[in-house]
Structures are given as structure tokens and as C-alpha cells.
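Take a look at the structure below.
The values are calculated or read from the model by the stated rules, or taken from the named source; none is laboratory data. Predicted model only: the values in this text are computed from it and were never measured. Cβ: placed from backbone, ideal geometry, glycine included. Neighbour counts: every protein chain shown. In case anyone asks, the SASA skips ligands and DNA or RNA and just uses the protein heavy atoms, side chains included. Shrake-Rupley method; radii C 1.70, N 1.55, O 1.52, S 1.80 Å.
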Amino acid sequence: MTRLFRGIFIVWTVLRFGLDELVLSSFERPWIRLLTRIVSVGRNLKAPRGERLREALESLGPIFVKFGQVMSTRRDLLPPDIADELARLQDRVPPFESAVAVAIIEKAFGRPLDRIFASFEQTPVASASIAQVHFATLPNGREVAVKVLRPNMLPAIEKDLALMHMMAGWIESASADGKRLKPREVVGEFDKYLHDELDLLREAANAAQLRRNMQDLDLVMIPEMVWDFCMPDVMVMERMKGVPISQAQRLRDAGVDMKKLARDGVTIFFTQVFRDGFFHADMHPGNIQVSLAPETFGRYISLDFGIVGTLTEVDKEYLAQNFSAFFQRDYKRVAELHLESGWVPPETRVDELEAAIRACCEPYFDRPLREISLGLVLMRLFQTSRRFHVEIQPQLVLLQKTLLNIEGLGRELDPDLDLWSTAKPFLEKWMLEQVGPEKLLAQLKAEAPAYAKLLPGLPRLLSQYLKSPPGLHRREIEELLYEQKRTNKLLQSVIYGGLGFVLALVTMQLVQVLRFRLF
């Protein structure tokens with residue numbers, strides 16, 4: 001019943017904000033336009049369409065706000081008015097009452113606010129779909145940012161996820177395409193990451209891991225966690241001071257090299273994915289800033305680590321080989337990799353898959369980012385995958401989403417950025433590291449503790465074996481000899497039977513010849 005009521009509420013929200021009219025009005029057919037006018041009767045739809053869409057997503061809850069945040073980065077796929085309104089979802093979601101935030105903080109730490117912080121700004125500096133952030137100062141004078149989880153988030157998310165699981169089951173049972181897309185597994189991945197995002201202690205751990213991974217790159221800054229003040233529903237971290245990356249003109253006026261910034265963003269992404277297998281998977285403009293401080297000028301500042309993606313060594317190697325083959329335009333190797341990984345049925349012809357992939361990707365090489373759309377490339381590849389029954393891999397859904405975010409950011413910073421040529425040297429270097437002597441030494445170093453325990457004991461084990469009584473393994477040896485004798489007898493029988501059969505044929509042939517001569 002809960003899912004039924006939620007479904008009814010979604011339909012009511014669609015009608016209330018006129019989203020049905022928004023969709024129907026995009027069609028040119030006269031009868032559809034007539035239907036649009038009919039369904040609009042009696043409703044006040046004077047507000048701009050982008051505003052109506054944003055307000056509808058806000059009223060539907062966190063999951064739908066997340067969807068709007070992802071779409072807001074794809075200005076190449078959306079009309080400007082809608083993209084501008086959805087951009088407001090990135091860090092300007094309506095905040096909840098400051099008194100509620102204070103109550104959550106005091107309950108988490110078990111003491112009054114003035115005994116936790118020397119000062120606390122009641123007005124939130126940012127408000128997102130899951131939490132909001134307040135600036136504060138610790139008793140020792142350190143400036144911090146306090147992230148507070150929205151109240152009653154879990155029940156709201158559970159309702160939407162239950163509905164999504166139900167719809168995924170319908171889609172999967174409806175057709176072969178539905179099974180190929182694995183909607184239930186994809187929703188399961190989304191479910192896991194959303195629940196992870198509701199645990200701010202887990203988010204703090206994600207931030208600490210990314211900070212450790214990125215500390216030698218000198219391209220991105222990640223806030224340090226104040227662990228004594230981190231709880232599941234409250235997180236306190238170092239306060240970061242930067243300019244939102246969406247304010248591109250302000251960055252240009254400050255002297256930031258936008259082309260380098262775009263290249264650095266690609267480097268950070270591919271480093272996190274292929275070197276670490278642990279990447280920031282919520283890289284919309286609301287979570288990215290740029291430092292203007294003299295000592296860190298032009299560096300990225302990453303925020304909000306509730307959603308991170310992880311890849312296994314097998315995933316990383318497969319993806320790196322695919323990217324490398326794409327950059328070399330070796331479409332045959334791409335097709336072979338799909339077969340080797342089991343993503344396509346084994347009876348698929350490599351030459352046909354190669355030709356289809358070439359037709360999708362070849363038109364987009366050697367062109368700047370402003371002239372191509374990775375979203376359109378992925379759409380064409382999706383159509384191709386449908387023809388060849390390619391199975392969608394749920395563990396790569398977050399990576400695809402993040403790659404689209406990176407393209408959206410790159411398009412804003414430097415429309416002339418060549419994504420392929422920027423990433424190619426990095427991937428080639430990474431591939432060499434995977435098969436070169438450095439990788440061998442790293443693997444030997446990783447296995448050294450196991451070898452260190454095993455090697456000292458080898459002489460003792462060898463000595464014990466040599467000193468063991470001769471009859472200790474007699475039974476095993478006798479069984480082995482018995483089986484060998486049986487095998488020898490079987491082979492002899494086969495050989496003798498074959499020789500007998502051949503001799504019988506020869507004898508019969510001779511008899512026939514003699515009869516012919518006699519008669």
C-alpha cells in the first residue's frame with residue numbers, strides 16, 4: 001500500500017506542476033498539441049517550465065533531486081532555461097530549520113552547542129538533498145564546516161527505493177531488453193550507495209581515503225576530517241575556502257588557467273579510476289571548488305564524499321585496455337575484449353561487432369569537446385549494444401555517470417579540450433606500469449610477508465620428508481601402481497583388439513582374392 005500511495009503521489013506531482021504538458025509540448029504533431037491544450041485546462045501553468053520541473057523534483061524528495069543534479073551538468077542535452085533551474089539543485093536545495101540542525105548536533109554529542117563550538121553560524125552555507133552545511137569554530141580556534149543530515153531521511157528514501165525496486169522488476173520481466181539491462185542490479189547498486197550516503201561517518205572515511213590517495217598529486221585538495229566530532233548524522237571537517245567551479249568568469253578574472261584546470265580535472269579522474277580504483281562519484285559543480293589562495297592557487301577542492309565508486313583489478317584492467325584500444329582506434333581489440341569478458345554472447349562475430357563500434361566512435365575523434373557529446377556517443381553505443389545483446393554491468397554505472405559529469409565540467413571550462421588526447425598519455429603510462437618491472441617488484445613486495453613466513457620452514461619440511469619412514473606413503477604408492485597396471489591392461493586390450501580386427505579384415509580380403517582366382 002505504501003508503494004501504491006507513493007506512486008499516486010508521484011502522478012499527482014507530475015500533474016500539479018504540469019510536467020505532462022512539458023513533455024507533450026515538445027512534440028510537433030497537431031493532435032499532440034491539441035491534447036496538450038486539453039490537459040492544461042483548469043491548471044495554472046504560468047510559471048516557467050524549468051522552475052516547475054525543479055520544484056517538482058524538490059517536492060518528490062532526495063532521489064529525484066539527485067536525478068536533477070546529474071541532469072544539470074548536461075547543458076548540451078538540455079535547453080538553457082531548464083539547465084539553469086536544475087543547477088540550483090546542486091547546492092541551493094531549500095534548507096531545513098537551523099533549530100532542527102542544532103537539536104541533531106546536540107543529540108549526537110550529548111551536550112549543548114556552546115560547549116561543542118566556540119561559534120556556530122545558524123544560517124547554512126549550503127543545502128543539498130541529503131544534508132546541509134554550517135560554518136563553525138572549534139574551542140581551539142580552528143575553522144570548520146559542520147555537515148548535518150536532514151531529519152527523517154531514511155523513511156523517505158526507503159519508500160522511493162521500494163517503488164524503484166518494484167518498477168525494476170516489472171521492466172526486467174517485460175522483455176529480453178529488460179533482462180539485458182539488469183535494472184534490479186542497477187537499482188540495487190543505487191540503493192547501496194544511497195544508504196552509504198546517509199552514514200556521515202562512512203562519508204568521512206571516504207574523504208580520508210581520497211585525501212590519502214591524492215596527497216602526492218598536488219592537483220586537488222580534500223578537507224581533513226576532525227574525527228573527534230564525526231558521527232553517523234553529524235560530520236565536522238576542515239573548512240575549505242574556494243570559488244565554485246560553476247563561476248567560470250570569476251575564475252578567469254582571478255587569473256586561473258582554465259585550459260590547465262580542464263586538463264587537471266581529466267588527470268584527477270583517470271588517476272582515481274585506474275591507479276586507485278576508488279573515485280569521487282558525485283562530481284557535479286556544487287561539489288567542486290577552485291582555490292585562489294596564493295600557496296594553492298588553481299587547485300581543485302573536492303567536497304561531499306557520500307558517493308564513491310570502487311573498481312576491482314579486473315575491472316580496471318578491462319577498462320584501461322578498452323580505453324587504450326579506443327584511443328588507438330583498434331576497434332577489433334575492443335570487440336575482442338567484449339567477447340573475452342563475456343559481455344556479449346560467445347557466438348557473436350567479431351568483425352560485425354568491430355564494424356558497429358567503428359561506426360559509433362570514428363566520427364568523434366580529432367574533434368574538440370565542444371563539437372562532440374559523450375552522451376550522444378554513449379547513446380549510439382547503447383543502441384549498438386542492444387543489437388548485439390551486450391549485458392550492462394551494474395558496477396560500472398557510477399563510472400559512466402561520473403564520466404558524463406567530467407565531460408560537463410570540461411565543456412564549461414575549456415570547450416576546445418580534446419578529451420581523447422588528454423587521457424591517452426596517462427592510460428599508456430598506466431598500461432606500461434601494469435606489465436613492466438615496477439609492477440613485478442610491487443607484486444613481489446606485496447607477497448614478501450607470505451614468503452618470509454614460508455621460506456624459513458622449507459628446510460625443516462624437506463628434512464622431515466626425507467626422514468619419514470619408507471612405509472609412510474606405501475599405501476598411496478601401491479594405489480598408484482595398481483591404477484597404472486589397470487591402465488596398461490586396458491591399453492593392451494585395445495591394441496590387441498585393434499590388431500585382431502585388422503588381421504581379420506586382411507584374412508577376409510585374402511579369402512575373397514583366392515575365391516576370385518579359383519573361380
Completion exercise
Per the filter on the range 206-249, residues within 24 Å of Pro139 (Cα to Cα), not hydrophobic (A, V, I, L, M, F, W, C) and not in a loop (DSSP other than H, G, I, E, B) are Asp228, Glu238
Problem - Of all residues in the range 246-267 being of a type in the set (A, V, I, L, M) and at pLDDT 90 or above, the one that is surrounded by the fewest Cβ atoms within 10 Å (Cβ to Cβ) - result: Ala254
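Could we say that Ile406 is under 30 Å from Ala248 (Cβ atoms) and modelled with pLDDT of 65 or more here?
It is true that Ile406 is under 30 Å from Ala248 (Cβ atoms) and modelled with pLDDT of 65 or more.
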Handout entry: Criterion violated by Asn213 - all others in (1) touching a helix residue (DSSP H, G or I) at 6+ places or on another chain (Cβ under 8 Å); (2) surrounded by 17 or more Cβ atoms within 10 Å (Cβ to Cβ); (3) within 20 Å of Phe109 (Cβ to Cβ); (4) modelled with pLDDT of 90 or more satisfied
Key = (3)
Problem - Single match in Ile301, Ile288 (criterion: among the β-branched types (Val, Ile, Thr) and in contact with a strand residue (DSSP E or B) (Cβ under 6 Å, 6 or more places away or on another chain)) - result: Ile301
Practice task
Note down all Cβ pairs under 8 Å where the first residue falls in the range 134-160 and is of a type in the set (S, T, N, Q), the second is not in a strand (DSSP E or B), and they're at least six residues apart or on different chains.
Solution key: Thr137/Phe117; Thr137/Ala118
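Among the residues of the range 280-293, count how many are more than 24 Å from Asp84 (Cβ to Cβ) and either surrounded by fewer than 22 Cβ atoms within 10 Å (Cβ to Cβ) or of a type in the set (A, V, I, L, M, F, W, C) (or both).
Looking only at that region, the number is 4.
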Practice task
Give the range 39-97 a look and list any residue that's of a type in the set (Asp, Glu) and modelled with pLDDT under 70, or say none.
Solution key: Asp76, Asp91
Practice task
May I ask you to list pairs of residues, at least six apart or on different chains, whose Cβ atoms are under 7 Å apart, with the first in the range 318-334 being farther than 18 Å from Lys429 by Cα and the second being surrounded by fewer than 18 Cβ atoms within 10 Å (Cβ to Cβ)?
Solution key: Tyr331/Arg358; Lys332/Val350; Val334/Asn322
Practice task
For residues that are of a type in the set (D, E, K, R) and modelled with pLDDT under 85, scanning just the range 307-332, find the one that is farthest from Ala207 (Cα to Cα).
Solution key: Arg329
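To keep it simple, each residue is scored yes or no on (1) assigned to a strand (DSSP E or B); (2) open to solvent by 60 Å² or more (accessible area, probe 1.4 Å); (3) not β-branched (Val, Ile, Thr).
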| site | (1), (2), (3) |
| --- | --- |
| Asp114 | no, yes, yes |
| Phe117 | no, no, yes |
| Gln132 | yes, no, yes |
| Val146 | yes, no, no |
| Pro151 | no, no, yes |
Practice task
Could you list, in sequence order, all residues of the range 294-314 that are out of contact with any His (no Cβ under 7 Å at 6 or more places or on another chain), surrounded by 19 or more Cβ atoms within 10 Å (Cβ to Cβ) and not in a loop (DSSP other than H, G, I, E, B)?
Solution key: Tyr300, Ile301, Gly309
Fill in the blank from the handout: Within the range 220-234, the count of residues that are touching a helix residue (DSSP H, G or I) at 6+ places or on another chain (Cβ under 8 Å) and either open to solvent by 30 Å² or more (accessible area, probe 1.4 Å) or more than 18 Å from Ala281 (Cβ to Cβ) (or both) comes to 10
Problem - Where a residue in the range 81-110 is β-branched (Val, Ile, Thr) and surrounded by fewer than 19 Cβ atoms within 10 Å (Cβ to Cβ) and its partner, wherever it lies, is in a helix (DSSP H, G or I) and modelled with pLDDT of 75 or more, with Cβ under 6 Å and at least six apart - result: Val102/Leu113
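Any idea which of Gly298, Gly286, Gly265, Gly277 is closer than 19 Å to Ala208 by Cβ and of a type in the set (Gly, Ala, Ser)?
Gly277
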Handout entry: Number of the condition not met by Gly277 [criteria: (1) closer than 30 Å to Leu200 by Cβ; (2) open to solvent by 10 Å² or more (accessible area, probe 1.4 Å)]
Key = (2)
